[in-house]
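Data block below; observations after.
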Amino acid sequence: MAIQTDISPETHPDVQDRGITVRAVMLGILTIALMTIYITHFAWNMIKNYMPVSALIPFVAWIGINAILKLVAPKRALSRTEMLTIFFMVWLVGNLPTTGWAGYLLGNISAPVHLASPENRVGDVIAPLLPDWLFMQKSPVVIGQLYGGLEPNTSIPWQPWIRPLFWWTAACLSVVMSGFFCSVLFFKQWHEKERLTFPMATFPTEMLREEPGYRLPVVFHAPLFWVGFGISVFVICWNIAGYFVHTLPHIPIYDLAGQMAINIGYHYPRYFLRMQPLIMGLAYLCPLDLLFSFWFYNVLNIIKEGLMNQTGITVGLQGQQATPAEILSFESHGALVFLVAWSLWVSRKHLKNTLECALMSNRAADDGTPVTYRTAWLGLAASVIFLAGWCLAAGMELWATIVQLILMFIALFGVAKYAAATGFTFLSPGSTGGLGADKGGNVWMQMGGTANMSPGTLTTIWMINRNGFAGMPIRLTATMSVPHYFRMLGNHFKRHPMVWAIIPIAYIAGCITTATDSLYRSYMDGGMNGPLYLGDWNHLVRLVPYVEGSTILYFDIEKLGVWLWGFAIAGFLTYIRTRFSWWPFNPVAIAFPTRRYGFSLLVVWATKALIMRFGGVALYRKSLPFWYGLMIGYLLGVGISTGVDAIWFPDAGHIVHGW
């Protein structure tokens with residue numbers, strides 16, 4: 001069972017809730033700038049999911065600042081809605097610094113002219129296809145110094161970057177605004193009719209919930225909160241002490257997945273004994289069937305992949321066979337498409353109602369929030385048309401543009417809805433790692449083939465499906481955070497320009513600050529020393545044979561069969577769940593397979609199942625502060641560790657948070 005928290009008005013007698021204020025928006029922009037500097041210079045590894053540490057640490061800092069204000073200057077303290085506004089603005093852009101967007105984008109638009117060589121043939125095959133309004137031109141001053149660092153007595157050449165960054169930012173903003181307009185159209189369906197639980201909205205609102213007679217949030221008065229807090233912060237602080245005293249034994253419980261992996265067998269993927277407090281704290285709010293299903297399908301996928309490796313089973317036409325991991329990706333993507341199609345089907349009456357409201361001449365009957373349904377439909381159409389025009393201008397064919405935008409919608413819609421349903425912050429749409437959790441492009445090329453794709457279409461598929469185009473779905477915070485923002489606002493969720501205006505304001509501020517700071521650091525330190533990320537460039541190099549036509553993929557009926565199997569099994573499980581409420585297997589776990597966090601979810605599932613079995617809902621609710629404390633202690637510990645690294649180990653820090 002998942003808790004549903006009532007989001008009621010602020011109850012503190014000294015703090016009047018004024019709604020979304022100019023003060024909150026300005027503080028949000030300031031926090032975005034400080035977060036960008038913090039992440040870019042000291043904590044580049046904090047961008048790993050769509051509720052990242054890059055957003056949560058500033059939130060914890062503001063909780064501390066506001067607690068002090070309430071004690072010493074109550075009249076100047078921030079209201080709950082102001083706190084949630086600041087948090088949402090930072091959350092919206094939480095994936096933009098470093099490995100989330102900016103570091104990849106700068107590498108993507110500069111590498112084709114700087115790293116092209118006779119060996120990789122990018123300059124001859126792909127560079128002529130790249131639009132000059134999206135990519136940098138060859139220049140020893142602009143590009144050479146970006147990678148190698150500024151020469152003495154020279155300044156940063158900002159001007160050449162303006163045009164390409166503007167058009168990339170415009171496309172990314174269109175993705176975000178289309179996500180906003182979709183959220184307007186679907187939120188009432190999800191919240192009122194399907195009654196999704198929005199666990200990621202529950203956590204911040206619970207951390208700010210107050211009652212008369214208390215100056216601090218209620219959760220801070222729960223002893224279990226401090227038990228969970230103490231466990232997390234002790235482990236990390238003990239390991240921080242080990243930075244200085246090398247004889248102290250290291251506590252590995254929160255180590256990265258690769259360090260906590262065990263080998264099952266030669267042909268089998270590793271199993272990760274990964275304990276991640278942020279994942280576990282939010283997962284505790286998930287329904288039990290989802291927790292069990294995520295773990296069960298994680299184990300089942302390990303067995304399936306291992307058996308396929310061991311027996312040599314493969315799928316695909318001769319010369320383009322899929323690996324076992326890719327086979328599982330086809331299955332997962334088929335399940336994802338079914339779940340999105342099913343979601344649209346069950347929403348059909350609501351969508352029809354929104355369309356009727358939008359077409360009515362009586363504007364008072366249009367009850368869309370925070371903008372009218374007419375505005376939402378027109379805004380969504382305008383965003384899609386702009387994105388289609390961007391793709392066509394970049395070189396993609398019309399039919400391919402339509403397919404790509406549909407696939408991208410499926411990935412982002414799926415993440416947005418099922419994040420609201422599950423609270424699991426690592427939903428990887430349609431992938432176990434075989435084809436990558438992109439925006440549908442890899443599955444499309446591998447299953448549909450490249451024979452009918454023009455060179456311009458292939459290069460544009462690369463542009464859209466890599467990190468530089470708004471980020472990857474697994475950590476694209478903007479589209480997923482908007483419906484949670486609506487849920488957090490509670491009684492302040494109404495038709496008001498400030499409710500929606502902060503979305504473009506925050507996103508543009510985030511793009512400007514992250515791109516500017518990443519450029520500054522690249523020119524100062526040399527992009528090859530860390531600020532630029534070239535993973536997408538490696539994908540572009542591997543694309544060369546397909547673009548020049550020396551390697552061609554053909555439509556593959558065998559791969560389509562696996563995809564249809566995933567579609568069918570998700571449909572079957574959905575049907576069974578509508579007939580039998582006790583059925584424990586949820587198809588969401590097939591569409592969003594987990595690999596690194598199965599063990600964490602198993603621990604949470606077992607703990608929650610025991611609590612519900614022997615203590616019921618009452619004990620479950622009483623235990624919630626422990627998990628909140630576990631999360632806050634972990635965040636404080638990570639913040640302390642990065643601070644220690646910034647002061648004492650600036651050139652060789654310690655990774656305390658990551659995959």
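Results, tabulated for the structure shown:
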| item | result |
| --- | --- |
| The listed residue being closer than 19 Å to residue 295 by Cα, aromatic (Phe, Trp, Tyr) and touching a strand residue (DSSP E or B) at 6+ places or on another chain (Cβ under 7 Å), out of 592, 585, 599 | 599 |
| Any hit, region 406-413, residues being surrounded by fewer than 20 Cβ atoms within 10 Å (Cβ to Cβ) and over 24 Å from the mean Cα position of the chain (by Cα) | no |
| Residues (aliphatic (A, V, I, L, M) and out of contact with any helix residue (DSSP H, G or I) (no Cβ under 7 Å at 6 or more places or on another chain)) located in region 127-171 | 141, 162, 170 |
| Hits in region 256-296 - residues which are assigned to a helix (DSSP H, G or I) and open to solvent by 30 Å² or more (accessible area, probe 1.4 Å) | 258, 259, 260, 288, 289, 292, 295, 296 |
| Residues satisfying the stated conditions in region 140-178, i.e. within 14 Å of residue 520 (Cα to Cα) and surrounded by 21 or more Cβ atoms within 10 Å (Cβ to Cβ) | 143, 146 |
| Matching residues in region 511-536 - criterion: being open to solvent by 20 Å² or more (accessible area, probe 1.4 Å) and not acidic (Asp, Glu) | 512, 513, 516, 520, 521, 524, 528, 529, 530, 533, 534, 535 |
| Region 13-26, residues that are surrounded by fewer than 19 Cβ atoms within 10 Å (Cβ to Cβ) and modelled with pLDDT of 90 or more | 21, 22, 23, 26 |
| Residue list for region 541-572, restricted to those being more than 13 Å from residue 450 (Cβ to Cβ) and either modelled with pLDDT under 95 or open to solvent by less than 60 Å² (accessible area, probe 1.4 Å) (or both) | 541, 559, 560, 561, 562, 563, 566, 568, 569, 570, 571 |
| Selection from region 347-368 of residues that are in a helix (DSSP H, G or I) and open to solvent by 50 Å² or more (accessible area, probe 1.4 Å) | 348, 349, 352, 353, 355, 356, 359, 363, 364 |
| Where residue 388 falls short, out of the listed (1) without any contact (Cβ under 8 Å) to a residue 40 or more places away in the chain; (2) under 29 Å from residue 167 (Cα atoms); (3) open to solvent by 50 Å² or more (accessible area, probe 1.4 Å); (4) in contact with a Ser or Thr (Cβ under 9 Å, 6 or more places away or on another chain) | (3) |
| Test result for residue 214, open to solvent by 30 Å² or more (accessible area, probe 1.4 Å), of a type in the set (Ser, Thr, Tyr) and under 26 Å from residue 621 (Cβ atoms) | yes |
| Residue in region 203-226 that is within 28 Å of the chain's Cα centre (by Cα) and among the hydroxyl-bearing types (Ser, Thr, Tyr) present | yes |
| Output for region 40-53, where each listed residue is within 15 Å of residue 477 (Cα to Cα) and either modelled with pLDDT of 85 or more or part of a helix (DSSP H, G or I) (or both) | 46, 51, 52, 53 |
| Residue list for region 307-346, restricted to those being open to solvent by less than 10 Å² (accessible area, probe 1.4 Å), under 15 Å from residue 563 (Cβ atoms) and in a helix (DSSP H, G or I) | 328, 329, 330, 332, 334, 335, 336, 339, 340 |
| Test: residue in region 110-122 that is within 28 Å of the chain's Cα centre (by Cα), at negative phi and of a type in the set (D, E, K, R) | no |
| Residues (among the hydrophobic types (A, V, I, L, M, F, W, C) and not in a helix (DSSP H, G or I)) located in region 443-501 | 451, 453, 469, 470, 472, 476, 493 |
| Helices (runs of 4 or more DSSP H) within region 573-659 that include 2 or more residues surrounded by fewer than 16 Cβ atoms within 10 Å (Cβ to Cβ) | 598-614, 616-648 |
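Conditions tested, residue by residue: (1) open to solvent by less than 70 Å² (accessible area, probe 1.4 Å); (2) in a loop (DSSP other than H, G, I, E, B).
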| site | (1), (2) |
| --- | --- |
| 207 | yes, no |
| 220 | yes, no |
| 226 | no, no |
| 230 | yes, no |
| 234 | no, no |
| 241 | yes, no |
| 254 | yes, yes |
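Results for (1) under 14 Å from residue 184 (Cβ atoms); (2) open to solvent by 30 Å² or more (accessible area, probe 1.4 Å), shown as yes or no for each residue.
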site	(1), (2)
475	no, no
482	yes, no
492	no, yes
496	yes, yes
503	yes, no
506	no, no
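Conditions (1) in contact (Cβ under 8 Å) with a residue 40 or more places away in the chain; (2) in a helix (DSSP H, G or I), marked per residue:
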residue: 55; (1), (2): yes, yes
residue: 64; (1), (2): no, yes
residue: 75; (1), (2): yes, yes
residue: 84; (1), (2): yes, yes
residue: 90; (1), (2): yes, yes
residue: 96; (1), (2): yes, no
residue: 108; (1), (2): yes, yes
residue: 119; (1), (2): no, no
residue: 143; (1), (2): no, yes
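The values are calculated or read from the model by the stated rules, or taken from the named source; none is laboratory data. As the structure is a computational prediction, the values presented were derived from the model and not from experiment. All Cβ positions, glycine included, derive from the backbone under ideal geometry; neighbour counts span all protein chains shown. SASA here: full protein model, heavy atoms, side chains in, ligands and nucleic acids out. Shrake-Rupley method; radii C 1.70, N 1.55, O 1.52, S 1.80 Å.
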